[in-house]
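Asker: This is the structure I want to talk about, given as structure tokens.
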Number of protein chains: 2
Amino acid sequence: MVAGTPRLVALDWGSTSLRAFLLGPGGEVLASRAAQQGSAAMRGAATAYEAALDHIAGDWLASDPALPVLACGMVGSKHGWTEAPYVACAAGAQRLAASLARVRAAGREIAIVPGMSCRAPGAAPDMMRGEETQIVGALALKADLESGCTLVLPGTHSKWARVGHGQVLDFATYMTGELYAVLRAHSVLGELMADAEEPDLDGFAAGVRASAGCSGLAHQLFAVRSLGLSRELGAGALPAYLSGLLIGHAINAALRARGAGDRELPLVLVGEPKLTALYERAMHICGVPSVQRLANTAPQGLWRLALAAGLVSDTRESTT
Amino acid sequence: MVAGTPRLVALDWGSTSLRAFLLGPGGEVLASRAAQQGSAAMRGAATAYEAALDHIAGDWLASDPALPVLACGMVGSKHGWTEAPYVACAAGAQRLAASLARVRAAGREIAIVPGMSCRAPGAAPDMMRGEETQIVGALALKADLESGCTLVLPGTHSKWARVGHGQVLDFATYMTGELYAVLRAHSVLGELMADAEEPDLDGFAAGVRASAGCSGLAHQLFAVRSLGLSRELGAGALPAYLSGLLIGHAINAALRARGAGDRELPLVLVGEPKLTALYERAMHICGVPSVQRLANTAPQGLWRLALAAGLVSDTRESTT
């Protein structure tokens with residue numbers, strides 16, 4: 001039994017995981033579920049996507065066959081269920097909602113949110129899938145951010161997005177999380193490390209401080225080894241030092257990249273609370289006086305996009 | 001049969017390989033051999049080191065049991081044959097030669113060159129093993145460099161060493177080669193790559209150019225993926241682009257780190273000719289007008305250190 005009237009099945013379908021939300025009037029989360037059936041494991045097979053959708057939300061859809069379904073994330077990549085081509089910056093919720101891709105499954109239409117791309121003059125392109133929906137959700141939750149802010153979405157490929165006029169103006173990817181995982185598992189830096197249940201906060205802070213300046217990440221990283229060899233940092237502190245170095249490196253580089261006009265705008269972290277708390281700590285060390293934090297805003301983003309696309313209507317407003 | 005009179009068995013014994021040189025009067029290379037029996041494979045077992053030495057140089061030592069043996073590299077690490085503790089910067093050949101470690105094997109003494117360490121105020125320590133001997137060799141070959149130069153030794157852990165007054169003043173490690181190997185084999189960046197027999201020089205140059213500025217390596221790296229996804233770089237050019245990005249990153253950071261007084265001093269690349277040629281190309285793109293290049297100088301370094309330690313005498317000079 002679910003409280004409230006279901007209005008939308010919202011799917012946050014990334015590479016390695018699938019999260020499903022049953023949303024009620026106004027986007028209220030009535031129920032949520034998670035599965036390991038990420039888009040990468042589907043190998044582009046429509047039948048695999050259909051089976052995964054049926055597995056995670058089949059009962060929701062059986063009790064209300066007319067429920068619309070909206071998905072974001074790698075499910076819309078070239079090697080996903082169907083490709084939802086990137087929408088170029090600057091763009092906001094209206095443009096994204098007007099560019100949904102569609103697939104049919106079991107007689108039902110599934111709408112898929114496109115990713116976004118941007119390109120600075122003379123630079124390589126950048127792209128994201130899934131984070132655009134979290135950004136839309138953050139702006140839906142905090143309307144005052146629409147006029148201008150920097151949103152930071154930490155993760156495997158962290159995104160730093162500049163927002164203005166209710167749109168994503170541009171963004172940059174930092175491979176922070178992937179560098180951490182790869183260097184820890186496969187490089188000489190992991191050799192001296194021991195697992196720790198909670199990050200060693202002193203080691204983390206030392207790593208963040210060591211990331212200051214432009215002396216070169218490839219050089220700064222070697223300190224993880226030299227501090228371990230010289231026993232100045234214990235095996236349990238080395239993972240946190242590496243994490244602090246990589247997170248601090250991205251923060252410092254992103255702060256340097258901000259234009260003078262952006263420096264007064266709010267910085268907002270969006271994501272899993274343990275991770276955003278660590279980023280907030282690092283930002284303070286890097287001299288950022290105040291940071292806002294939001295948890296995963298994908299459900300709010302999917303609701304807002306479903307509204308803009310006419311998949312749902314805001315019945316809370318229409319009944320008042 | 002070997003031409004000339006053997007004077008020294010010189011061993012360049014790194015983590016993954018062992019190179020042996022039979023040196024004659026004046027350090028002339030009479031013969032050389034290589035084996036895969038690197039120090040890491042010995043797992044610290046004296047018997048394994050003895051067997052590897054016997055395998056690669058047993059016949060040389062049998063025909064002249066009084067030949068001295070001098071080794072450099074990871075063989076002298078804490079987990080090597082015996083530890084030769086780091087000599088702190090600033091130091092030159094005399095200090096290194098006065099700090100040789102010794103082990104006995106089959107009734108013979110083997111001398112081992114210590115590594116070097118250095119530490120900038122407020123920074124993590126840095127260390128090297130094996131490169132100090134190549135530096136000594138470079139200075140032995142080119143005496144005019146002793147008064148001041150920057151030596152660059154590309155590799156898994158590239159070393160940038162500042163030389164003055166015939167000593168290594170300080171140095172910095174850049175994990176350039178290891179980052180390339182690990183990111184190519186284990187990160188998302190390797191997914192779109194194809195092998196190429198020779199590096200794609202246009203892709204390499206584009207990577208070097210993209211490394212300019214302080215916009216953050218963790219961000220710049222994502223271009224390897226975005227340029228691949230957008231098909232702006234072909235699969236065969238992506239490895240060279242990644243290589244150019246990492247090498248350019250280290251060059252730019254190291255050039256920024258040089259003091260004003262060092263900027264007029266010669267830059268000298270030491271190592272395997274294909275790799276130093278690539279670095280020379282990258283340095284030109286980064287605005288370095290001229291660079292010298294030397295091949296592996298370990299034999300010359302071992303000879304110079306053996307002379308300074310009294311293991312050999314310079315018979316060419318003493319007979320004139």
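The values are calculated or read from the model by the stated rules, or taken from the named source; none is laboratory data. What you see is a predicted model, and the numbers here were worked out from it, not measured in a lab. Every residue, glycine as well, gets a Cβ built from its backbone with ideal geometry; the counts of neighbours run over all protein chains shown. Note: accessible area is taken over every heavy atom of the protein model, side chains too, but ligands, DNA and RNA are not part of it. Shrake-Rupley method; radii C 1.70, N 1.55, O 1.52, S 1.80 Å.
Asker: Any idea how many residues of the range A:1-18 are of a type outside the set (Val, Ile, Thr), open to solvent by 30 Å² or more (accessible area, probe 1.4 Å) and over 17 Å from A:ALA51 (Cβ atoms)?
Answerer: Result for the range A:1-18: 6.
Asker: With closer than 19 Å to B:ALA138 by Cβ, open to solvent by less than 30 Å² (accessible area, probe 1.4 Å) and not basic (Lys, Arg) as the only criterion, which of B:VAL270, B:VAL312, B:VAL224 stands out?
Answerer: Of B:VAL270, B:VAL312, B:VAL224, the one residue that is closer than 19 Å to B:ALA138 by Cβ, open to solvent by less than 30 Å² (accessible area, probe 1.4 Å) and not basic (Lys, Arg) is B:VAL270.
Asker: Could you pull out the residue among A:LEU192, A:LEU233 that is more than 7 Å from chain B (Cβ to nearest Cβ), part of a loop (DSSP other than H, G, I, E, B), more than 28 Å from the chain's Cα centre (by Cα) and crowded, with 21+ Cβ neighbours inside 10 Å?
Answerer: A:LEU233
Asker: Quick one: A:ALA181 ticks every box in (1) open to solvent by 10 Å² or more (accessible area, probe 1.4 Å); (2) more than 14 Å from every other protein chain (Cβ to nearest Cβ); (3) modelled with pLDDT of 95 or more except a single one, so which number is it?
Answerer: Going through (1) open to solvent by 10 Å² or more (accessible area, probe 1.4 Å); (2) more than 14 Å from every other protein chain (Cβ to nearest Cβ); (3) modelled with pLDDT of 95 or more one by one, A:ALA181 breaks only (2).
Asker: Still on this structure, I have one more. Considering only the range A:157-171, I want to know if a residue exists there that is more than 25 Å from A:SER17 (Cα to Cα), within 10 Å of chain B (Cβ to nearest Cβ) and open to solvent by less than 20 Å² (accessible area, probe 1.4 Å).
Answerer: No, because not a single residue in the range A:157-171 is more than 25 Å from A:SER17 (Cα to Cα), within 10 Å of chain B (Cβ to nearest Cβ) and open to solvent by less than 20 Å² (accessible area, probe 1.4 Å).
Asker: Regarding the range B:263-279, can at least one residue be identified that is within 14 Å of another protein chain (Cβ to nearest Cβ), among the polar types (S, T, N, Q) and at negative phi?
Answerer: No, because not a single residue in the range B:263-279 is within 14 Å of another protein chain (Cβ to nearest Cβ), among the polar types (S, T, N, Q) and at negative phi.
Asker: So for the range B:242-258 (the condition being modelled with pLDDT under 95, open to solvent by 10 Å² or more (accessible area, probe 1.4 Å), over 17 Å from B:LYS159 (Cα atoms) and more than 10 Å from every other protein chain (Cβ to nearest Cβ)), does at least one residue qualify?
Answerer: No - not one qualifying residue is present in the range B:242-258.
Asker: A:GLU197 fails exactly one of the following numbered conditions: (1) facing chain B (nearest Cβ under 8 Å); (2) not in a helix (DSSP H, G or I). What is the number of that condition?
Answerer: Answer for A:GLU197: the failing condition is (1).
Asker: Could I ask something else about it? Please verify whether the range B:52-63 includes one or more residues that are open to solvent by less than 10 Å² (accessible area, probe 1.4 Å), within 13 Å of B:VAL103 (Cα to Cα) and in contact with a strand residue (DSSP E or B) (Cβ under 6 Å, 6 or more places away or on another chain).
Answerer: No, every residue in the range B:52-63 fails to be open to solvent by less than 10 Å² (accessible area, probe 1.4 Å), within 13 Å of B:VAL103 (Cα to Cα) and in contact with a strand residue (DSSP E or B) (Cβ under 6 Å, 6 or more places away or on another chain).
Asker: Still on this structure: Are any residues in the range A:98-116 in a loop (DSSP other than H, G, I, E, B) and among the aliphatic types (A, V, I, L, M), and if so, which ones?
Answerer: Those that are in a loop (DSSP other than H, G, I, E, B) and among the aliphatic types (A, V, I, L, M): A:ALA98, A:LEU100, A:ALA106, A:VAL113.
Asker: Criterion first (at the interface with chain B (Cβ under 10 Å from one of its Cβ atoms) and either in a strand (DSSP E or B) or under 19 Å from the mean Cα position of the chain (by Cα) (or both)) does A:ASP126 satisfy it?
Answerer: Answer is yes for this residue.
Asker: Would you be able to say whether some residue in the range A:107-129 is over 30 Å from A:LEU265 (Cα atoms), touching a residue at least 24 places away in the same chain (Cβ under 8 Å) and open to solvent by 10 Å² or more (accessible area, probe 1.4 Å)?
Answerer: Yes; the residues of the range A:107-129 include at least one that is over 30 Å from A:LEU265 (Cα atoms), touching a residue at least 24 places away in the same chain (Cβ under 8 Å) and open to solvent by 10 Å² or more (accessible area, probe 1.4 Å).
Asker: Would you mind stating whether B:TYR174 is crowded, with 24+ Cβ neighbours inside 10 Å, aromatic (Phe, Trp, Tyr) and closer than 30 Å to B:ALA97 by Cα?
Answerer: yes
Asker: List pairs: first in the range A:211-225 and more than 7 Å from every other protein chain (Cβ to nearest Cβ) and touching a residue at least 40 places away in the same chain (Cβ under 8 Å), second open to solvent by less than 10 Å² (accessible area, probe 1.4 Å) and in a loop (DSSP other than H, G, I, E, B), Cβ under 8 Å, 6+ apart or cross-chain?
Answerer: none
Asker: If a residue has to be open to solvent by less than 30 Å² (accessible area, probe 1.4 Å), among the hydrophobic types (A, V, I, L, M, F, W, C) and at positive phi to count, how many in the range B:70-106 make the cut?
Answerer: So the count comes out to 0.
Asker: Report whether or not A:ASP202 is more than 10 Å from every other protein chain (Cβ to nearest Cβ), surrounded by fewer than 19 Cβ atoms within 10 Å (Cβ to Cβ) and part of a helix (DSSP H, G or I).
Answerer: Yes; evaluated as a whole, the condition is true for this residue.
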